[in-house]
Amino acid sequence: MSESAVVELTPAELAGKVGQELGVSRWFTVDQARIDAFAEVSEDHQFIHVDPARAAAETPFGGTIAHGFLTLSLLSAMAYDAQPQLKGIRMSVNYGFDRVRFLSPVPAGARIRGRFTLKSAEERVPGEVTVCWSVVVEIEGQEKPALAADWLGRRYLEGTA
């Protein structure tokens, strides 16, 4: 799937793509304004996120860094860009994570994007598809990613409860 392309698949077509990278999101800028806004809504005002002068002086990061949970929360926007949709989908819900690792700090001003590989897609109940995505969040210009996770979701198809 090309960057930002919208593809619709049947549950059987999706299941046939297990093991394949199915999408890459656009780049998202994680600037200080976004970090500060996240600090407000999450009530996490640790200086490594919101005080550029102190973070530069007292941390090995050279400045402020994004909250790990901010990076994680951007997966939803990245998924809209990168994941194929199921034909006849009624709604999607987060089901959880099997694994989340914050591998590298995201410096203020950096750009990140998500790469999505389908680990599984199972329709255990008619009209309810459980998917697991292996997602890696890259930091532009850096070899080591910001985050790696196995993300679970449920997709409910039209005509189901």
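Annotation: the antiparallel percentage among DSSP beta bridges lying fully within the chain is about 95. Between the residues Ile48, Leu22, Pro107, the greatest Cα displacement towards the positive end of the dipole of segment 8-157, with unit charges on the Cβ of Lys, Arg, Asp and Glu, is found for Leu22.
Phi-derived couplings, Karplus 6.51 cos²θ - 1.76 cosθ + 1.60 at θ = phi - 60°, listed residue by residue for segment 47-60: 4, 5, 9, 10, 10, x, 5, 5, 4, 5, 7, 10, 10, x Hz, with x used for Gly and Pro. For the chain, the spherically averaged projection of the C-alpha convex hull amounts to 10.0 nm². Computed from point charges on the beta carbon alone (+1 for Lys and Arg, -1 for Asp and Glu), the dipole magnitude for the chain about its Cα centre is near 320 Debye. Based on C-alpha pairs under 8 angstrom that are at least 6 apart in sequence, the chain has a relative contact order of 28 percent.
Of all aspartates and glutamates in the structure, the ones whose alpha carbon falls short of 15 Å from that of Lys17, not counting any fewer than 8 places away in one chain, are Glu8, Glu122, Glu123. The lysines whose alpha-carbon is closer than 24 Å to the alpha-carbon of Lys144, local same-chain residues fewer than 8 away aside, are Lys119. Computed from label points 7 Å out along Cα-Cβ, the spacing between Tyr95 and Ala15 is 1.3 nm.
Relative to the dominant Cα principal axis of the chain, helix 32-42 is inclined by about 70°.
Bear in mind these aren't lab numbers, they're just calculated from the coordinates by the rules spelled out. None of these values were measured; they are calculated from a predicted model. In this analysis, Cβ positions are derived from the backbone assuming ideal geometry, glycine residues included, and neighbour counts consider all displayed protein chains.
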